[in-house]
Amino acid sequence: MKEKQGREVRVAREVPEGHRFCADCGTVKPVADFPRNRSDSTGYATYCKPCHNARTHETKQRLYGGNREYHLRQRYGVGQKEFDELLAEQNGVCAICGGEDPQHLDHDHRTGWVRGILCFNCNGGLGQFRDSPARLARAITYLRGTTWQRVLIHPGVYQMCSPTRGRPPSRPS
């Protein structure tokens, strides 16, 4: 260390071109082993990828208690406690299909408000229909017109009605 204007300054390390020094593990590695960082003048982070990942994991563990809590807080503004309370209000089942052990927090993409907890398939389905009630209504109309339906014709007596459109599968050749 050198002294400059009354304070100690580290001597710059000599590192081969295309390499960086990781201050955490103390090794010289190729720049490909460092994550990108646009705010740094070199364009790369101070720590190599394994050290960067370990530091990120430790920080999430220390501040949030883990990745799940961090994800819920950052993305939806709720924690695991609120998630568990909402799941208890839903009796531990998917808010749409009633399936066991739902894990996906559903939210309105325009407002960010949390709506409920869904299973993987129901959450994906809403996403595919872009949260549009009109699209879902058209899908219901489509299914009703192309799927065999059980129709009650007398108390306890059902009749299968054929679809109004569509065609039977072709015969194997």
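Oblate is the label for the stretch 79-147, because a/c, from the alpha-carbon gyration tensor with a ≥ b ≥ c as root eigenvalues, is 1.5 or above and a/b does not exceed b/c. What you get for the chain, charging only the Cβ of Lys and Arg (+1) and of Asp and Glu (-1), is a dipole of about 740 debye around the Cα centre.
Under a 10 Å cutoff between Cα atoms, tell me which one of Asp33, Asp101, Asp131 has the largest fluctuation in the Gaussian network model of the chain. Among Asp33, Asp101, Asp131, the largest mean-square fluctuation in the Gaussian network model of the chain belongs to Asp33.
Given their separation in residues at 0.36 nm each and the Cα-Cα distance between them, Gln74 and Asp40 gain 9.8 nm when the chain is fully extended. Pairs of Lys residues in the chain, spaced 8 or more positions apart or belonging to different chains, with C-alpha separations under 28 angstrom: 5 in total. Using only the C-alpha atoms, the convex hull of the chain corresponds to 286 Å³ per residue.
Would you mind telling me which residue in Val78, Val93, Val15 has the biggest mean-square fluctuation in a Gaussian network model of the chain, where springs connect alpha carbons within a distance under 10 angstrom? Between Val78, Val93, Val15, it is Val15 that shows the largest mean-square fluctuation. Here the sum of -39500 (n - 2.57) over DSSP H runs of 4 or more residues, divided by the residues of the chain, equals -10500 deg cm²/dmol at 222 nm, to the nearest 500.
Taking the chain as a Gaussian network of alpha-carbon nodes connected by springs under 10 Å, the highest mean-square fluctuation of the residues Cys97, Cys25, Cys119 belongs to Cys25.
Could you grab the relative contact order for the chain? Cα pairs under 8 Å, six or more apart, rounded to a whole percent.
8 percent
Given their separation in residues at 0.36 nm each and the Cα-Cα distance between them, Arg13 and Arg110 gain 29.9 nm when the chain is fully extended.
FYI, it's all coordinate maths here, none of it is from the lab. On a predicted model such as this, the values are computed, not experimentally measured, just so you know. Note that each Cβ is placed from the backbone with ideal geometry, even for glycine, and that neighbours are counted across all protein chains shown.
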